[in-house]
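What follows is a short report on a single structure.
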Amino acid sequence: MAAEDLPSEFDVVILGTGLAESVVAAACSRVGQRVLHVDRRSYYAANWASFTFNALLTWIQEIQAESLSEEVQDRSSLVEEGEELIYLSGSDSASISNLQVFCYVSEEAEEEEEPANTTEEEEAGAAGEGAAKEPSETESAGSKEEEAGEAAEGDEQAAQEQGEEPKADQPQPSAPPSQSEPTRKKISYTQLVKEGRRFNIDLVSKLMYSRGSLVDLLIKSNVSRYAEFKNVTRILTYRHGSVEQVPCSRADVFASRQLSVVEKRKLMRFLTSCVEETEEHQAYNGRPYLEFLREQQLGDNLQHFLLHSIAMVTEDTLTKVGLASTRHFLRCLGRYGNTPFLFPVYGLGEIPQCFCRMSAVFGGIYCLRHSVSCLIVDKDSNRCKAVIDSRGQRISCSHFVVEDGFVGADRKVATPTRLLSRAVLITDASVLPGDSEQQVSLVTVPPTDGRPAVNMVELSPSTMTCIPGTYLVHLTCQSVGSAYEDLSPVVTRMFCMAECQDEENRPAVLWCLYFNMADGSGVEPEGHDLPSNVYVCSGPDGALGHEHAIKQAESIFLKILPEEEFCPPAPNPEDIIYDGENTSPTSIGEEEEEEGLTAAGGEGEEKQQEQQEEETSLQPEE
Amino acid sequence: MHGRVKIKTTAQQEEEKRKEREKKLKIYVAARDACFSKRNEGIWDDEALQLTQQLLSSNPDFATLWNYRREILLHLETVKDKDEVQKIYEAELSFTESCLKVNPKSYGSWHHRGWVSARLPRPDWARELTLCDRCLSLDDRNFHCWDYRRMVVKMSGVPVDQELAFTDRLIGSNFSNYSSWHYRSTLLPLLHPESPEPPSPCREPPQSSPPPSPQTHSHRVCEEQLLKEYELVQNAFFTDPNDQSAWFYYRWLLGRAEREEMISCVYVNREEERVAVAFSRPVNAQSVGLFLVLDGQPQRVEWRSVHPCFKHSPVWICSLPPGTISDITNERNLTVHWTEKHTHRDCALYTGRTESWCRDSATDQELFRSELSVEKTSVLQSELQSVKQLQELEPLNKWCLLTIILLMRALDPLGYEQEMLAHFRTLKEVDSMRSAYYSDLCSKFMIENTILKMEYAEVRVFSISDKNLTTLCHLDQLLLVTHINLSSNHLQRLPPQFAMLQCLEVLEADNNAIENLEGVYHLPKLEEVLLKNNKISTLADLQPLASCPKLKRLDLRGNPVTQTANVESELAELLPSVTDLLL
């Protein structure tokens, strides 16, 4: 970014480019507010971001090197009479913890050993045959330090030009594959790095309910035009040691081979009867949903599907909640496909960026690698009058929206720290190979032995999040222990690590990452020890959908502008009246927009061309 | 507020749109007029192609322009070489494709595409198939596309098994699709034809007729495949019992037996010197080559149907020349030949007998059952079990109830009679909009049962009183009946088919709602007509009775007609043969 100064006055300044912040930015710009949207990071979307494989490695290194904290500069010289300063925290380092990386593939492609077996064969091999490769790391405790050391090494490089890709020969975050003889491996680590640009690995794992508030908002605001979507093609569940497909749509029920015809009828009847609330339902409101399901004489199969995969609740969830969640699932079904879910092509990180783009189109100004270091508060009114950015410029504003992580812990309402456990795997085959290799699956793993229920999303290359021949698997649950403790048992049950010659034909894990992320669901936008016109946006929550962030954004917007509509449809370009050549606030906006656009979508352009058929467009509906 | 994007107001937009539309209309009309005048002048040039293309891309349903376009193309074919023609037609294909995007159900575009594809020197059928599949994936019920696809499949010779897999796919994604199910029903007999052995050994071959023609069972499918289809369709109707497409397919699976075409009965009456012939299906005896041979001598007779309103009828009669068979001491041998079907039936009129007939044993239950199925009883029984299972879960589903009734009829019509009636009662309650249909269907089944009972008893009396009949059917089966009792039903008329009861002597039809006697027509032996408490209101309604020469007794009590002035004298004039009139 050019070193020139920013305008010194805005209506709304927003720090952090997570989903809620970006939606607020779009909503404010859309109704004519002057918005400055900054993020200290070099990338958009904060903990909602998607990374290429290489960028993810850089991110890992940054997290591990986080110890060097920024020096707090004294800005008191900019304070005027009757004002005081609130310093913001330099980074949100606390949100990610327990990060561990494992690599199960050899570094080199196999040319040396089997010259014929080059990369061209990558798709030919049978899926189940994982490489007999010792995991590069098994002892998490020891390896962590090792990693940290290595990461520090690579840090200099990473600290350089952020937007650029790390080079392929950059030190790996994990120990290089050790001595043991690789037998046959289709995809090597080198290849993962070489083709790393074709990965889009999300930090959060969520899906979009097709009648959820995010999809509604995307349609309503026309932001959907900036993205493409894929249907999640099937819902799977892990049961009795194997993966089964959950029949949820009419077509699935019809085609299901596991259900008897009587079960089919019972399931369909139950689903149909759920749609409307009846007196019978109300009678069960205060009792567990499981009890209600038992009463319906559905049998074990259907009960499992309904509880774990359709309602996605636990055994002690109340009927009222269970039914509401079942209804939500059913309402979403069939709007765009045979499951209730959509997934954005190129990953979830696209979504906050789409809103940023909308904000930029309506004049929002964007700066990455740019932060707000402190707030200037008017002592009398306890309102934030201005902010001081990381370059020491004083920028006055009427409202300030900030990502939770930038607010010092001393100023926040103490909430019990809840964490999410996450795992990201790159695998070589689907957990349930089907007719098509391009399935996008949600796998529900019910809770066992005190371990929480795990949501697993398996993305195929059709979502443009991984390279052909691989699948990208995201696991998420509420933390009980560390991410590794919570999720590795599930991973070991369902996948083979490359060390074992797998007899059950489970997919092999090529590479995986575990980490914990702060659960944003506990953070409130207000009530903190902050000026009344400062609003806090939480990071991602653990739910599968996006309701939390969208609701939060809407409530913040309504506090800033109680009279205005939240994200009204953007007008068609031909209906916009442009003022003459004379400079007007609009045209300044337009100029800045260019910048915003490139920042947000530089890579997007390129992606568009790679785009393949069959994206779901949100527009043509009903 | 400053900085807000300014948007045109609605009125401004409206006005702009209106102007836009006006401009478009002007261009359109001008182009249309230009096209018409060029066509009138017989000009077939590229410019005309351009013009029609412009117009059709905005309005692909302009049939005249498509015709003009074809005229031009036919002309170009004669003047261009093959490669150029290929190019022109390929351009046509991409043009129709863009028209289909405007209106995927445009008759004109699809037809034009078919026409072009057929004329294309080097057609690319694979491409066309892909196009169809794409269209069907957007709208799996676009019947234009289905039509076009059938043509493409035929022209390109797509293997039947691939097509069956195609229907599997479409049904898998949405089984509420008549087109797919129907397509299956045409493919299965080709792919899995029934083995030549007839599958129902219980069905006796008819005694005096030749073996069934090979096409009799051509729509049938081998049993192994049938069982798979039953499973598939059960999955559909258990998943959604209210979807009728699956039920219709199921009915097709269960019932594909066709009645054999034959002469089912020959009846001869010495006194009236009359022959009546019944066929297994309605025919036009005047055109199918029907001949009567008496003692080896071909007879010149004139066949007439039982009622002038029938051109096709299952019963035909003829009069023999006076005196040919009237001598009671002679034995006569008749043969009726149906030359078109290479079949015939003999009938001997023995000495001393006044009438005689020859026919198959009508006790054969298959007579009615064949409408539904010739499957093995065990298969039907297990089908009945599964549909009953569904009915337990969905006691009020009409398709389920109806199918149970049909299966019961196929299995044992008399044994299941009470259950059938109960199911009909439920049906009329749950689907009251179609209660009249169910009443008629129930009447039909009750008549079938009564005919079976009558045949078992080997009598010529047909009695079906107090059974809620709303309609009469299968009357061709009652050719030999002398006494019919239809009392206490809900009949409103005796339809023309009633005239097939050629041997009828006594008609009892008290306590109905009969207002029309059309079918009581030229019944040569009819003596007694009892119509107490019906709705006959005018003398004209009684007119048909005048054609029955032997009518002696007529009961009209409780009919509105009795209130007519001078009814007695009028009746005496209309029906002079009646001696016993009850008013």
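The values are calculated or read from the model by the stated rules, or taken from the named source; none is laboratory data. Because the structure is a prediction, the values reported are computed rather than measured. All Cβ positions, glycine included, derive from the backbone under ideal geometry; neighbour counts span all protein chains shown.
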* Would you pick out the residues in region B:71-82 that are out of contact with any helix residue (DSSP H, G or I) (no Cβ under 9 Å at 6 or more places or on another chain) and part of a helix (DSSP H, G or I)? -> B:H75, B:T78, B:V79, B:K82
* Scan of region B:54-99 for residues that are over 22 Å from B:C145 (Cβ atoms) and among the β-branched types (V, I, T), ordered by number -> B:T64, B:I72, B:T78, B:V79, B:V85, B:I88
* To do: Taking only region B:230-242 into account, find how many residues are surrounded by fewer than 19 Cβ atoms within 10 Å (Cβ to Cβ) and farther than 13 Å from B:C400 by Cβ.
  => 2
* Asked: Within region A:205-214, is even one residue modelled with pLDDT under 90, of a type in the set (A, V, I, L, M, F, W, C) and in contact with a Pro (Cβ under 8 Å, 6 or more places away or on another chain)?
  -> no
* **Filter pass, A:S249 being within 13 Å of chain B (Cβ to nearest Cβ) and of a type outside the set (A, V, I, L, M)** => yes
* Asked: For region B:314-360, list the strands (runs of 3 or more DSSP E) that sit wholly inside it and hold at least 1 residues that are at pLDDT 90 or above, touching a strand residue (DSSP E or B) at 6+ places or on another chain (Cβ under 7 Å) and surrounded by fewer than 12 Cβ atoms within 10 Å (Cβ to Cβ); which are they?
  -> none
* Which residues, counting only those in region A:252-288, are free of Cβ contacts under 8 Å to residues at least 24 places away in the same chain, charged (D, E, K, R) and buried (at least 20 other Cβ atoms within 10 Å of the Cβ)? -> A:K264, A:R265
* Can you work out which of the residues in region A:30-53 that are modelled with pLDDT of 95 or more and assigned to a helix (DSSP H, G or I) is nearest to the other protein chains (Cβ to nearest Cβ)? => A:W48
* To do: Grab the strands (runs of 3 or more DSSP E) fully contained in region A:398-462, keeping just those with 3 or more residues being under 30 Å from A:L36 (Cα atoms) and among the charged types (D, E, K, R).
  => none
* Asked: Just a yes or no: is a residue in region A:497-508 at pLDDT 90 or above, within 22 Å of A:F53 (Cβ to Cβ), touching a strand residue (DSSP E or B) at 6+ places or on another chain (Cβ under 6 Å) and not basic (K, R)?
  -> yes
* **Meets criteria (within 14 Å of chain A (Cβ to nearest Cβ), touching a Ser or Thr at 6+ places or on another chain (Cβ under 6 Å) and buried (at least 21 other Cβ atoms within 10 Å of the Cβ)) for B:S245** => yes
* Could you tell me which residue of region A:289-302 is nearest to the other protein chains (Cβ to nearest Cβ), considering only residues that are touching a residue at least 12 places away in the same chain (Cβ under 8 Å) and over 16 Å from A:V313 (Cβ atoms)? => A:Q297
* Applying the selection to region B:384-394, what residues are within 12 Å of chain A (Cβ to nearest Cβ) and either within 23 Å of B:D440 (Cβ to Cβ) or in contact (Cβ under 8 Å) with a residue 24 or more places away in the chain (or both)? -> B:S386, B:V387, B:L390, B:Q391, B:E394
* Determine, yes or no, whether B:G172 is modelled with pLDDT under 90 and within 14 Å of chain A (Cβ to nearest Cβ). => yes
* To do: Could you give me the residue pairs with C-beta distances under 8 Å whose first residue belongs to region B:402-423 and is in contact (Cβ under 8 Å) with a residue 24 or more places away in the chain, whose second residue is among the basic types (K, R) wherever it lies, and which are 6+ apart or on separate chains?
  => B:T403/B:R251; B:L406/B:R251; B:R409/B:R369; B:A410/B:R369; B:P413/B:R369; B:L414/B:K453; B:M420/B:R409
* Within region B:229-273, restricting attention to residues that are polar (S, T, N, Q) and either closer than 16 Å to A:S260 by Cα or in a strand (DSSP E or B) (or both), which residue is modelled with the lowest pLDDT? -> B:S264
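Listed here are the residues, each with its yes/no results for (1) surrounded by fewer than 16 Cβ atoms within 10 Å (Cβ to Cβ); (2) among the charged types (D, E, K, R); (3) touching a Lys or Arg at 6+ places or on another chain (Cβ under 6 Å); (4) assigned to a helix (DSSP H, G or I).
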{"position": "B:M433", "(1), (2), (3), (4)": "yes, no, no, yes"}
{"position": "B:C442", "(1), (2), (3), (4)": "no, no, no, yes"}
{"position": "B:M446", "(1), (2), (3), (4)": "no, no, yes, yes"}
{"position": "B:L452", "(1), (2), (3), (4)": "no, no, no, yes"}
{"position": "B:L469", "(1), (2), (3), (4)": "no, no, no, no"}
{"position": "B:I484", "(1), (2), (3), (4)": "no, no, no, no"}
{"position": "B:F498", "(1), (2), (3), (4)": "no, no, no, yes"}
{"position": "B:Q543", "(1), (2), (3), (4)": "yes, no, no, yes"}
* To do: Scan region B:40-70 for residues that are in a helix (DSSP H, G or I) and over 24 Å from B:S117 (Cβ atoms) and jot them down.
  => B:N40, B:E47
* Please determine, by comparing only the residues of region A:220-246 that are within 14 Å of another protein chain (Cβ to nearest Cβ) and assigned to a strand (DSSP E or B), which one is farthest from the chain's Cα centre (by Cα). => A:Q245
* Structure fact -> Within region B:83-136, the residues that are under 38 Å from the mean Cα position of the chain (by Cα), of a type in the set (D, E, K, R), surrounded by fewer than 21 Cβ atoms within 10 Å (Cβ to Cβ) and part of a helix (DSSP H, G or I) are B:E97, B:K101, B:R119, B:R127, B:D133, B:R134
* Within region A:525-534, can one find any residue that is under 16 Å from A:A20 (Cα atoms) and out of contact with any Ser or Thr (no Cβ under 7 Å at 6 or more places or on another chain)? -> yes
* Structure fact -> If we keep only residues of region B:500-535 that are surrounded by fewer than 19 Cβ atoms within 10 Å (Cβ to Cβ) and touching a helix residue (DSSP H, G or I) at 6+ places or on another chain (Cβ under 9 Å), then the residue nearest to B:L480 (Cα to Cα) is B:H522
* Asked: What is the number of the single condition among (1) away from every other protein chain (no Cβ under 14 Å); (2) farther than 27 Å from A:L475 by Cα; (3) touching a residue at least 24 places away in the same chain (Cβ under 8 Å); (4) outside any loop (DSSP other than H, G, I, E, B) that A:L217 does not meet?
  -> (2)
